[in-house]
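Quick notes on the structure that follows.
The values are calculated or read from the model by the stated rules, or taken from the named source; none is laboratory data. Every value quoted in this text rests on a predicted model; they were computed, and no experiment measured them. Cβ placement follows ideal geometry from the backbone for every residue including glycine, while neighbour counts extend to all protein chains displayed.
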Amino acid sequence: MLIYHITNLISFKRILFLSFTLCFSVKLPASQPSLQSLSKSMTWKKLLLFENGSSRVSNKNFFVSENGKFSLYEELVTSVEIIKSDKSNNFACRFPARFSFLNSRLNLNIKTSCGDFLTWKDSFEADGLSLIYASQFLGNPASAFGHTFLRIKSSSRTFYLNKVLSFSARVPEDTGSMEYIWKGLTGGFKGYFGLGPLYLKFHEYLQMEQRDLWEYDLRINEEQLSFFLSYLYELTNFADGDYFFISKNCSEMLVNILELNFQKEIASTLGSYVLPIETIKVLQKKDLITKVNYHPSLTSKLLQLANTVNNAKEREELKNIIEGSFIPNEHHSADILDFHIDRLNYLKQKQQGELTKKQRVSFMRALKFRSGVDTASKTPPPASFPPHLSSSPRRMSFGYGIRNKEQEFLNFEYRAGLHDLNDRINGYLKYSRIVFLNTKINYLQHDKKLILDELELLNLSKWVDFNIYTTDFSWGSGLKVLNSYLEKCFNCYHFDLKAFWGIGSNTKINHLLIYSTLNINLKTGNLDFNNQTLPAVEAGFIYSPNNFIFKTDIQYQLSIAKHMPLQKSLNLSSELNLLVSTNFTIGTSYQRNLMKNSQVLKSNLSLAF
């Protein structure tokens, strides 16, 4: 028993001694946070691009510990050990943002010298930061939702030599279109941070892809801008990450960087998928935007100039420019010379970056005579529709309808994204639809049944003015799952793949577009005849002044299927939507088969969010 008590006493003294030693071996200021708590801070997580248990960066050079990708604490401890060693200067010059954060929070007061980094940082001559939004480009699936990138502003440098930062997917040149879409949706591409001059981005978007740009100046102070550049050095040298078109994309990554910089919750308000246009709205709500600048595309400027020329002489000169018979001289106005120069720049993009010999001579003559005209163009800039004023992408609708004057139903609709003809056009292509995962559910009052009426998986459509300046066609495609409404079968469905191509024309009535298209529908599934091909011709109009949108079309359609006689139908469709506010719409629609005398009338209230 005595030996037992002596052993316990010795153990107690040993524990007391060790505790005393540990307490006084780490000399930290009272205000200094523990490494454990610091590793859980939002700033440290954002610096390592850490979420859901690991960093998004796969490049091992982004970390200093073996397990840094998966452990915030291990990466922090190793970083502090290096900073306190004779390798501190190497760490500071490699990871200047992390060093600045740890040196400040741990009150280390360690001095370093990083000549290469400071030279790189000073080369920007930065005095501001802006976020630039590029409008949709339907020629590329990744750009159908718009795009954002950051401009590092410098009043000391030529505007077009300012640098821009973007996060983009690294796509091999031999990637096929279907592989491109699949990998883009599933994270099959690696994203990378790219720095380049502003003029290359402006050339790509404003001239090659004909996309309007809106630039949002951000509210940022000198200290925040300095920290941003330090972190930018780390990202452009060591960071990468998986790229998803609709979630981990250009906008989501840039928002995470801005969240770190402004120390405000931004990314968490964006939801499971991130749309570029929504990031601007979030920044606006956080009061981080000070000014909006509009940069119209070459097409927008061409159309604006063409629409503002009134006198007969200049109209004739515009016609000669389009026909290629225009010869610039010193008597032409600034507007006409500007139009000719812009038109040739537009043709250059359409002709794989080359002008013909005749066009090059004309281009040089126009530049020569334009340099001799002191007056600026009198043409006002095109109207700007800032994207932050657009309708929100998600939408819910509640409605009432009646089929064939007797079958009443209640309707619920949910759209995951992005925009339709009954939304505000700000930041989007006018007369366009980009819709995905649009679900319509009906409650049949007589049968007391809840059924899926329609699931629109994806639709990309645009109706445009086919004019002598841009010669652009209307086109669209989409895939739906539709209820077949077979007798005694409320849950029989089929796939409907649709495509159309045609031309549209603006009229002398403002905001009125008329169009005609050739359509093709392919149907397969639970139908009276399993596989059907439905070619059609369609004509209609879209009228969209400020507060409402009215669309009507009539379609003559054939139905072709094996073992089925040829069927014909003449379909009338009309839709009216009143835009009560940016996100609230009252609508009514009417569809009728004039040959079968079947019809559906529906009214609904829609709320975007």
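If the condition is being surrounded by fewer than 21 Cβ atoms within 10 Å (Cβ to Cβ) and either charged (D, E, K, R) or out of contact with any Ser or Thr (no Cβ under 9 Å at 6 or more places or on another chain) (or both), then segment 441-452 contributes ILE441, TYR443, LEU444, GLN445, HIS446, ASP447, LYS448, LYS449, LEU450, ILE451. Criterion applied to THR158, THR148, THR175, THR119 was being under 30 Å from ASP472 (Cβ atoms), more than 20 Å from the chain's Cα centre (by Cα) and of a type in the set (Val, Ile, Thr), and the one residue passing it is THR175. Residues that are under 25 Å from the mean Cα position of the chain (by Cα) and not hydroxyl-bearing (Ser, Thr, Tyr) within segment 585-609 comprise LEU607, ALA608, PHE609, listed in sequence order.
When SER384 is tested against (1) assigned to a helix (DSSP H, G or I); (2) touching a strand residue (DSSP E or B) at 6+ places or on another chain (Cβ under 7 Å), only condition (1) is not met. Pairing each residue of segment 98-110 that is of a type in the set (Gly, Ala, Ser) with any residue that is surrounded by 15 or more Cβ atoms within 10 Å (Cβ to Cβ), provided the two are 6+ apart or on different chains, yields C-beta distances under 8 Å for SER100/PHE227; SER100/SER230. When ASP374 is tested against the conditions (1) at pLDDT below 90; (2) surrounded by 15 or more Cβ atoms within 10 Å (Cβ to Cβ), the lone failure is (2). Taking the criterion of being closer than 14 Å to ARG105 by Cα, more than 30 Å from the chain's Cα centre (by Cα) and assigned to a loop (DSSP other than H, G, I, E, B), the residues of segment 33-67 that qualify are PRO33, SER34, LYS40. Residues that are in contact (Cβ under 8 Å) with a residue 60 or more places away in the chain and either assigned to a strand (DSSP E or B) or surrounded by fewer than 18 Cβ atoms within 10 Å (Cβ to Cβ) (or both): does segment 509-517 have at least one? Checked against the condition, which is being in contact (Cβ under 8 Å) with a residue 60 or more places away in the chain and either assigned to a strand (DSSP E or B) or surrounded by fewer than 18 Cβ atoms within 10 Å (Cβ to Cβ) (or both), segment 509-517 yields at least one hit.
Suppose the filter is at pLDDT below 90 and surrounded by 18 or more Cβ atoms within 10 Å (Cβ to Cβ); does LEU305 pass it? Here the answer is yes, as LEU305 does meet what is asked. For segment 547-579, the tally of residues that are touching a strand residue (DSSP E or B) at 6+ places or on another chain (Cβ under 6 Å) and not in a strand (DSSP E or B) stands at 1. Checked against (1) in contact with a strand residue (DSSP E or B) (Cβ under 7 Å, 6 or more places away or on another chain); (2) surrounded by fewer than 17 Cβ atoms within 10 Å (Cβ to Cβ), THR112 passes all but a single condition, namely (1). Candidates PHE91, PHE62: the one that is within 30 Å of ARG219 (Cβ to Cβ) and touching a Ser or Thr at 6+ places or on another chain (Cβ under 8 Å) is PHE62.
Restricting the search to segment 560-579, which residues are among the polar types (S, T, N, Q) and more than 38 Å from the chain's Cα centre (by Cα)? Scanning segment 560-579 gives GLN567, SER569. Considering only segment 431-446, I want to know if a residue exists there that is out of contact with any His (no Cβ under 9 Å at 6 or more places or on another chain), aliphatic (A, V, I, L, M) and closer than 24 Å to ALA499 by Cβ. Yes, the conditions are met somewhere in segment 431-446.
Flag not set for PHE101, criterion: over 34 Å from the mean Cα position of the chain (by Cα), under 21 Å from ASN261 (Cα atoms), outside the structural domain of GLY188 (by TED's automatic domain parsing) and crowded, with 18+ Cβ neighbours inside 10 Å.
For every residue, the table says whether it meets (1) at pLDDT below 95; (2) crowded, with 19+ Cβ neighbours inside 10 Å.
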position: MET208; (1), (2): yes, no
position: ASP212; (1), (2): yes, yes
position: GLU215; (1), (2): no, no
position: LEU218; (1), (2): no, yes
position: ASP242; (1), (2): yes, no
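Here the helices (runs of 4 or more DSSP H) wholly within segment 271-362 that include at least 3 residues being in contact (Cβ under 8 Å) with a residue 60 or more places away in the chain and either of a type in the set (Gly, Ala, Ser) or outside the structural domain of PHE167 (by TED's automatic domain parsing) (or both) are 298-308, 334-350. Selection of first residues in segment 535-563 that are free of Cβ contacts under 8 Å to residues at least 40 places away in the same chain and outside the structural domain of ASN422 (by TED's automatic domain parsing) and of second residues that are crowded, with 17+ Cβ neighbours inside 10 Å and not in a strand (DSSP E or B), restricted to Cβ pairs under 9 Å at least 6 apart or on distinct chains, gives an empty result.
For THR582, the conditions (1) under 26 Å from the mean Cα position of the chain (by Cα); (2) loosely packed, with under 15 Cβ neighbours inside 10 Å; (3) under 19 Å from ASN411 (Cα atoms) all hold with the exception of (3). Scanning segment 239-261 for residues that are closer than 16 Å to THR148 by Cβ and either part of a helix (DSSP H, G or I) or free of Cβ contacts under 8 Å to residues at least 12 places away in the same chain (or both) yields CYS250, SER251, GLU252, MET253, LEU254, VAL255, ASN256, ILE257, LEU258, GLU259, ASN261.
Scan segment 385-415 for residues that are surrounded by fewer than 17 Cβ atoms within 10 Å (Cβ to Cβ) and on the phi < 0 side of the Ramachandran plot and report the count.
The qualifying residues number 12.
Given the structure, is ASP453 outside any strand (DSSP E or B) and either farther than 18 Å from TYR543 by Cα or in the same structural domain as GLU408 (by TED's automatic domain parsing) (or both)? Spelling it out, it is not the case that ASP453 is outside any strand (DSSP E or B) and either farther than 18 Å from TYR543 by Cα or in the same structural domain as GLU408 (by TED's automatic domain parsing) (or both). Only one of the numbered conditions (1) touching a residue at least 60 places away in the same chain (Cβ under 8 Å); (2) touching a strand residue (DSSP E or B) at 6+ places or on another chain (Cβ under 7 Å) is violated by THR588, and that is (1).
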